[in-house]
Structures are given as structure tokens and as C-alpha cells.
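Read the structure below first, then the notes.
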Amino acid sequence: MLVVLKKNHYQPHDIDNDLSRKICRNYINALDPYDLIFTSNDKKEFAKFNTCLVKKDNLAYCGFLSSVFATYRVRLSQADSIINLLSKISLEYNKKEDFIFNFQDTLSKKLDKSSLRDRWRKYIKYQMLDYVDVQNDIDSERNFKSFLDQESELREKVILKEKCRIKRILNHPSGFESFLTSIFLNEIAVIYDPHTMFFLPDEKDNFEISLSKKAKSFGLAFSDDEDGEIRIENLVPGGPAWKSNILNGGDIILEIRKPDNTLVDISCIDMYTLHTILQSAELNTIELKVRKNNGQIKTVKLYKEELFIEENKISSFILDGEIKIGYINLPGFYTNWEQEYTLGCANDVAKEILKLKKEQIEGLILDVRNNGGGSVAEAMDLAGIFIDSGPLSVYKEKNVKPRLIKDINRGTIYDGPLVLLVNKLSASASEFLAAVLQDYNRAIIVGSTTYGKATGQVIIPNDTSYTSNSINQTENTSAQGYLKITNSKFYRVNQKSFQKTGVIPDVVLPDILDYYNVGEASNLYALKNDTIIKKVYYNALPSFPIDELQKLSAKRTELNTNFKMIKSLEETFKRFTTSPEKISLYRDSLINRIEESGYLFQAIEGLNIPISDRLIVKSNDFDRDLIEIDQNKMEINKKIIEDISNDIYIVECLKILNDLITIKQENGDEKN
Amino acid sequence: MRKINLVWITLFVVFSLINVSPICAQKFSNPVSYMEYISMEHELISKNMWDYIKASAHSKRMSKIDKKRKELISTTAIAKRKIERMPDYEGYSDLRDSVVSYLGLSYLMLTEDYAEIVDLEEIAEQSYDLMEAYLLAKERANEKMDQASLMVNNEQKKFAEKYDINLIDSQNKIAQNLEKAGEVITYYNKVYLIFFKSYKQEAYLMDALTRADVNGIEQNRSTLLKDSDEGNKKLIEIKGYAGDISIKRSCQQLLNFYKTEASTKTPILTDFYLKKEKFEKISTAFEAKRNSEKTQDDVDNFNKAVSDYNNAIKSYNRTNDELNNMRNNLLENWNKTVNAFMDKHVP
């Protein structure tokens, strides 16, 4: 893997002793983040191998991993025994004590079997906090008393959860050693940059499906309940599970049998692992045994079919306020990874805009909040919908001259007033789009500063013999897994970069996410921000009256109850989102924490627009009868419309568009 | 004072030269013979140029046209080598050097080796696509040719002044023909560029249609509409050539076709793709519903979707056929008109 990284990563590192030690220490920390598993002696033993990455790149000879695997297996079993004992003893809530989350690799700290036992006791106590109900109609003292009454029952649930976590590691579907190796490889990968990572073969399928519009699937989603049972959450209408006429939502899964007659071990399985197993390209059929609501046991065989992925479909809506506005939410830059000429999300947005234009919209809001990116090619095609022609970005790979990325189609589909709504989780391809639209003065960017990821990744087999001219070829299957590797950087047409800095909106609105330490800049190993030297010729449109729009928006947000509430929560939120080094487990401290989290929860729940002030939102005319014929779609649509009408950011975007149109009209009147 | 005949010639790639009556001389005992040696080479070039232009204008055989072109290229290359080997005249080399430079550029223009003349990378960066890059490269190269040609003229005047040679304007038959041909071709190019811009843009639109790429269809459609409108405005400014408005009219017909195609016909095709997708989704949802759950509204909606889709198919096919027929006829007409125009006006 080191050879593959050196060959293909944009900015590869030479692994020296320091880096090798860091990676090995990080790995031990990843396996034991709360200092509950390994003793100090174990860590001292591992430290002997810390420079193994420099000495040899074949770790089997190095001895580090084999030593860790053997010790980890033993210690996990010991942890399991410790946890079993904790169901029989009191956790002492009146004791003044703290739980220190991690000793930050202090080898001098004595961690032996006895101190580990005590750490587990404290750790379980800390986990119990999640089970303290926050009811607003009674005081926190009474809340706590009610918790103590159910404490032993709740403790059983926490203990079961922790036992399952251990079991999942020991019995991982890919194999214990294979799973642990993949964690180690990821600790190496992340040193290069936060977006380089190692995938086991099935994980790669999972990743690509999340960025696709269609995928082969059994058409059902699962959830697990507090009792550890797995239920069918819902069925995709028209999908294989639906068509079986045997399965229903709420059915409890008893067995999942694979074609080779082996059973998937579903005791203690987490939903991510279960979905990864079922979405694997190699698994095309399963036999499910379920218990129905009436107690009957049924068995059914399912065959995978190609289905639309609901999360990656888009719909457009009409907002009727001071002006008629179109609204499109884009959850991700999905595409068809297998084809050269793809018709992905950009094509879908184009179709939605055509539907909206039939209804004479006066402006458009494109919402890419929480859109973590995806296909940059789709982002380019999407930008092209609004930009006539010209360069969109400067693209740079290692040892290659920078080149321009251009709008592939001359012309536009929509020329009217446009707002792009972003937040801190709008990343990568979303930022690419935001930067282009801002640099061309084509859209007003509204919201919060974006994530700050201006790097591009490709997925390649973890194979030193791999070379490809078409670097996105992922049809090759690799038993050695895959690397998602950072191989490029993107720059704006003004030659600057949004790497780490993000795209700063033209109109900033307060957001709770701003209080969280997320974003590219929060990653220790993020690539730096720099500029590129390249002549770029582009014709920007006339500037927007940004100062005026900012003033008008600020006036509104200063008076708006919801935005005022968000601003007032800044200090409290920052306290809650900063990872503490330790937490007090003393009863009074717990009560204070509960009160504060209750207050925050209440405040967030209270961020609503009064019903009389809500937007009138409806689906576009073209799709109306399609929605009406499909009960499932109708319900989903209803919920989406409710959410849009109650979204303070969308309302403010509509007002900003209205300001823009008014200012333009006034300027037009002055010229006349 | 000796008088030297000059002949101005205009070549279709826009370079002009002063031609002097030929006298063959290997040794240059006087400045007139020096200038005349150069002009002899130019005579050969202009003869080949004329043969090439005649063939392009009047012959249908690509092989013949190509043969003439290759002869012209060869003649230019030989002339350049000969003049390169000329000594300077009494230490004065500027005239020779300017002609060599000019012939070097001519050769590159004829072989379309624009990379040697202009910065193609920079041009590519500034251009939308290969077509635009090609036209921009040609334009920049022509500018360099014009500068080189001006340099030659200036050096000839300087040389003539220095040695008391009187340069007079006169034209032989070939030069006159080349000048006339140059005018015809310049006129044709003006109209052709207007036609070609929309023609190429339509090709992009058709490519998007074959892929059912609604995004590509709509963007290219809007550009085709803009280009055809702009083209028509430019055409209004262009008069006929010697009263002949045939290629202008043919071009206008094509532009009007593209305008109709973009404004009213392509939306019918796009509508088909939207209705097709809607029909497929409604069908899936309708079939997925258990019979006991289907309402009368569901059945009505489904039937409406079927009917809409069938109508959309008919409109799509009808529109497609219309466009294909019209396009083929107009392009055939354009080609015929251009051939007839060249035949008539190029001597």
C-alpha cells in the first residue's frame, strides 16, 4: 500500500521513524480509544515495533501486527468477562469521581488488570447517561430518581451493547485479522490526508452505491431495537421484497441464509455491517426467515434487482411567497460510475428546471446543504446549466501541468435570479459549484462557510502493479481491497483555493453547525491552502449589490426570533461540542449536564416558524399525478413540503431573492 | 533609373506580395537582378496558387485539388530554400531575410502547422472547443502573415530607394485572377463562418439528442437560437457579391431553419423525454400497487399517462422526420449554391 500511495497520492510522505511511531500509536488508540483494553505492559511491548514501517514494508516480518492481533484477541475476551461482572455490582452514583477518556498515550500511566476493571465500571456509568430521560414537565432531580429506579435494567442493555461491540470485532464478517489490518491501513492512509482511505472489497461497493442513482438491491431497509432484534424498517415499493407479498414492515428477522447455505451472524450485528454484507456485489440472492406480527414464521427467497435509491432522487417544488420561486434540494452529486457518458444528477436538475420554468418562476433556490460532494464531473455539468461557457476550475495532479476544466456545453438553461444555499457540511463538489457560481457572479451564495475540501479522490485497487490511463476504472476487482486516494487539487478561476478556508457566502446566516468543530481545517493532516499560477480567461457577469443584500438580510435576522435564538446558544453549544478530557460521574454534575442538554434540545425543537408565517409550498405541476398515484411518494412528499415550509433558511433565501429583484427593478427604472 | 514591374497578388489565405518581372540570374551584379531573382520565385508560387484556387473552385475531384495543394506547398518550400541561399547584397540582408521569413510562414499556413506560428496552448485555453480554437489559431496566424507581408513590402521599398529603383504597379494575368479569386473567397468566407458557427452548434445539439442528455439538449438549443439570430443580423449587413446574393440567401434559409429547430421543434423532443420518464415511473407505481388498493383516480391517472406518452411519441417521430428532411434539403442546397457561386465568380 505504501508503494501505491507513493505512486499515486498528490503529496506523498516519506515514512520516517517519527511518522512510523505516530501511525503505530494512532493504531493502538483506534483499537482502544478509551484505554479499556490494553495494559501499559502491552503498549510497551508494541512500542518495540514502532519503527517497523521504516525498516520493512512487509509487516508480517515486522511482527507488529501479529503481536497486536494476538494480544487484542486475549484482552477483548478478558474485557468481556469484566463486563459480565459489572451487571452484578453497583455503579455508585454518589461517588465523587471522574472518567478520563484517554490518557493520551502516557506509557507511564499504570494500566493493569485491576485499573482496567475500574475503568470499565466508570465507562459503563458514563454510557448510562444516554438513558437518562429528559422530560421537560418534571424537574431534573425527579428525572434522575426515575432513572435510578430503572438503573439495573438499563445497565443490562448497556452491557449487552458493549458485549456485542466486542463480539462484532472478534467475529467480523471479513475475518478478525483482515478487519484489524484494514484499520491499520487506514491509520497509514489518513496520515496522507483526511480523505485517503482503505476499503475492504465490500465496503467499496457500499461507498459507490451511496453516490449512485440506481443500485442492485433487495429493496428493504432494517433497523435494530433496544432488545437487539433486527426488524424490517420499510420495503421499497416494487422492489424484490415488496413483490414477494410475504414480507412487511415490522417483521423480525430470524435468519439470513446465503446461497452457500451459511448464515449471516446477525446476533450483535450493526446496521452498517448488515447493509454492507447485503449490498456486496457478490451476493445476489438470500433466503430470509422472519417472524410476523402475529407470531407466524415465514421463509422467502429474494433476488436482487436494480432499484432507484430514494436518497439520491431529486424533486422540485414551487414556493409561493412575495414572489414565485422554484426550489430544488440536491443531497449528493450522484452519477452512474460505470458509464463514460453519464446522465446523473446534473441531468436530473436540468429536467426539474424545465418543469419549474413551465410555471414561470421568478427565481430559483438550489439547496446543497449537507451535500458532501460526489462526482466532480456532475458538478461541472450542473454549473454549466447556469454558466454560458468558459473555464470552471483549474485542476492539478502531481507532476502534471495544471489544466483548465471547462463548461462542456455552451449555453444555459436558466438565466434568472439564483441563490445557492450552503452550510458547513457542503463539501467538495458542492464547494466547486459554489465557487464557480460566486466567481462568475451568477448566484448569491447564502448560508455558512462551507467545509473546505478542494481535493479530488479516485478509487484504485490496492495493487502495486495497477496502472491505468483511465484512472476511474473500478471494474477491476481486488481481493487486496481498494484505496480511495487523493490525487488532485482544484483551484478557483481566480487561481485561489477553498481548501481549508471553504467558500465564504455572500450573505451569512447563523447556524448551529458553526459551533461544531467540523470542516477540513479541523483535520490535522489536511492538505494546505495555496494558489496556482495559471492564466485563466473568463467573463464574469456584472457584480451583485452584495452590500445592500447583506444589510437587508442582517436587519431581518436581527429581529427574527429563531436566528436570535441560534446566536444566543453559541457559548452553550461550544461547551457541549468541545471534547472534554474527562467527565465528572458525580450525581450533581450529571444533573447539571442533563439540565443543560435538555435546555439545548428544547431550544432546537423550538426553532419553528409560526404556522401563519409559513411558506405555501407545492410540488411542480408536471409531477403532481405521479405523486398522487404512489402512496409512499405522497407521504414522503408531504413530509418534505412540511419541512420546506418550516425552514427558516429557505424563507430567508426567498426574501433575499425578492430584494435582488426589487433592487434590479429600481436600478432599471433609474436608468430609464 | 531602371523600372521594375510590380504585380500585387492576393492569396486566399491573405498574404500579399509585390511581384517583379522575372529575369533569371545566379550572380547578382546589380540590385535589380537581385530583386528580380526573388520575384521569379514568386511568379512560380503565384502560378501554383492560381492552379490550386482554380481547382478548388471548379473541380469536384478532391484528388485533383489535393494534388494542386501539394504542388503549391512544394513550390513554396523550394522558393524558401533558394532565397535562403542567396547572399546578402553589399552587406544588406534585410530584404532576403524578410522574404524568407514570409515564405516560412506561408509554408506553415499552407500545411496548417499553426503550432509553429502561434501559442496553441494559450489559444486552447481561451477557446470553447476545437472549432473555436482552430478559427482563433487561423486568425492569429493570419495576423502574423499580415505583419510579415508588411515587412516584405517595407524592405522592398527600402531596397528600391537605396539603389534608386523605381517600383511601379502593374499586374499580369495570373495576378489579376488571384486578386479576383481572393475577393470571391474573402466574401465566401464571411458568409461561410456565419453558416459554420450555427452548423457546428447544431451538431452539438444533435449529439446531445442521441444521448437523451436533456441538460446538453437544452443548453445547446439555447445557444443555437442565439447563434442563428446573431448570424441573421450579421447577414443583413453583408451585401451580395457583384449582385449575387445566392449564398447569402442559402445561408439565411439555414439560419432560419436552425432558429425554428431551436425555438419550437426541439422543445417537442425534450418534452418527449420528460413524458417518457414520467410514464415509466407511473407505470412502476401503478403495477406495484396491489389490485385491491387501486382507486379509480389511479386508473385514470395511469390511462392519462399512457395517452400523453403515446402522443409524445408521435410528436417526437413526426418532428424528427420533419427536421431531418428539412436539414438534408437545405444542406444539399447550400453545397450546390456554393459550388455554383465559385464556378461563376472565380475566373
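The values are calculated or read from the model by the stated rules, or taken from the named source; none is laboratory data. Fair warning: this is a prediction, and the values are worked out from it, not measured in the lab. Neighbour counts are summed over all protein chains in view; Cβ atoms, including those assigned to glycine, are modelled from backbone coordinates with ideal geometry.
Listing for the model above:
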| read-out | value |
| --- | --- |
| Scope the range B:147-172; condition at negative phi, charged (D, E, K, R) and exposed (fewer than 13 other Cβ atoms within 10 Å of the Cβ); matching residues | B:E161, B:D169 |
| Close pairs from the range B:27-46: first under 10 Å from B:T75 (Cβ atoms), partner aliphatic (A, V, I, L, M) and assigned to a helix (DSSP H, G or I), Cβ under 7 Å, at least 6 apart | B:E41/B:A79; B:E41/B:I83; B:L44/B:A79; B:I45/B:A79; B:S46/B:I174; B:S46/B:A175; B:S46/B:L178 |
| Matching residues, the range A:517-536, being closer than 16 Å to A:V422 by Cα and either part of a loop (DSSP other than H, G, I, E, B) or touching a Leu at 6+ places or on another chain (Cβ under 8 Å) (or both) | A:V518, A:G519 |
| Residues within the range B:271-286 that are more than 7 Å from chain A (Cβ to nearest Cβ) and of a type outside the set (G, A, S), tallied | 8 |
| Some residue of the range B:127-138 being within 30 Å of B:L224 (Cα to Cα), without any contact (Cβ under 8 Å) to a residue 40 or more places away in the chain, crowded, with 17+ Cβ neighbours inside 10 Å and of a type in the set (D, E) | yes |
| Among the candidates B:D297, B:D244, residue that is under 35 Å from the mean Cα position of the chain (by Cα) and of a type in the set (D, E) | B:D244 |
| Members of the range B:203-257 that are in contact (Cβ under 8 Å) with a residue 60 or more places away in the chain, touching a Lys or Arg at 6+ places or on another chain (Cβ under 9 Å) and within 14 Å of chain A (Cβ to nearest Cβ) | B:L205, B:A212, B:V214 |
| The range A:593-633 - residue that is away from chain B (no Cβ under 14 Å) and part of a strand (DSSP E or B) and, of those, farthest from A:L356 (Cα to Cα) | A:I616 |
| Within the range A:52-74, tally of residues that are outside any helix (DSSP H, G or I) and modelled with pLDDT of 75 or more | 1 |
| Residue among A:I640, A:I648, A:I636 that is within 14 Å of chain B (Cβ to nearest Cβ) and within 30 Å of A:I604 (Cβ to Cβ) | A:I636 |
| In the range A:231-266, residue farthest from A:E306 (Cα to Cα) [restricted to those that are free of Cβ contacts under 8 Å to residues at least 40 places away in the same chain, outside any loop (DSSP other than H, G, I, E, B) and within 14 Å of chain B (Cβ to nearest Cβ)] | A:N234 |
| Every residue from the range A:538-561 that is of a type in the set (S, T, Y) and assigned to a helix (DSSP H, G or I) | A:S553, A:T557, A:T561 |
| A:S522, sole failed condition from (1) farther than 30 Å from A:T196 by Cβ; (2) without any contact (Cβ under 8 Å) to a residue 24 or more places away in the chain; (3) among the hydroxyl-bearing types (S, T, Y) | (1) |
| Which listed residue, of B:R85, B:R81, is without any contact (Cβ under 8 Å) to a residue 40 or more places away in the chain, within 22 Å of B:V32 (Cβ to Cβ) and surrounded by fewer than 16 Cβ atoms within 10 Å (Cβ to Cβ) | B:R85 |
| Failed item, numbered, when A:K396 is tested on (1) within 14 Å of another protein chain (Cβ to nearest Cβ); (2) in contact with a Lys or Arg (Cβ under 8 Å, 6 or more places away or on another chain); (3) under 23 Å from A:G519 (Cβ atoms) | (1) |
| Test: residue in the range B:315-324 that is farther than 30 Å from A:E635 by Cα and within 11 Å of chain A (Cβ to nearest Cβ) | no |
| Top-ranked residue of the range A:410-426 - restricted to ones that are within 14 Å of chain B (Cβ to nearest Cβ) and either in contact with a Phe, Trp or Tyr (Cβ under 7 Å, 6 or more places away or on another chain) or aromatic (F, W, Y) (or both), ranked as nearest to A:P505 (Cα to Cα) | A:Y414 |
| Some residue of the range A:5-22 being over 30 Å from A:K489 (Cβ atoms) and in a helix (DSSP H, G or I) | no |
| From the options B:Y102, B:Y92, residue that is closer than 30 Å to B:V32 by Cβ and buried (at least 17 other Cβ atoms within 10 Å of the Cβ) | B:Y102 |
| Which listed residue, of B:D244, B:D298, B:D308, is touching a Phe, Trp or Tyr at 6+ places or on another chain (Cβ under 8 Å) and within 30 Å of A:A241 (Cβ to Cβ) | B:D298 |
| Residue, farthest from the other protein chains (Cβ to nearest Cβ), within the range B:121-138, restricted to residues that are among the aliphatic types (A, V, I, L, M) and more than 16 Å from the chain's Cα centre (by Cα) | B:I123 |
| Qualifying position, being of a type in the set (F, W, Y) and under 16 Å from A:R492 (Cα atoms), among A:F386, A:F432 | A:F432 |
| Strands (runs of 3 or more DSSP E) contained entirely in the range A:267-311, each with at least 3 residues that are modelled with pLDDT under 80 | A:305-308 |
| Tally, over the range B:210-238, of residues that are assigned to a helix (DSSP H, G or I) and crowded, with 20+ Cβ neighbours inside 10 Å | 15 |
| All strands (runs of 3 or more DSSP E) inside the range A:325-434 with 3 or more residues being touching a residue at least 40 places away in the same chain (Cβ under 8 Å) | A:363-367, A:391-397, A:418-422 |
| Tally, over the range A:355-379, of residues that are surrounded by fewer than 23 Cβ atoms within 10 Å (Cβ to Cβ), within 11 Å of another protein chain (Cβ to nearest Cβ) and touching a Ser or Thr at 6+ places or on another chain (Cβ under 8 Å) | 1 |
| Within the range A:85-202, helices (runs of 4 or more DSSP H) holding 3 or more residues that are touching a Leu at 6+ places or on another chain (Cβ under 9 Å) and modelled with pLDDT of 80 or more | A:113-128, A:151-170, A:176-192 |
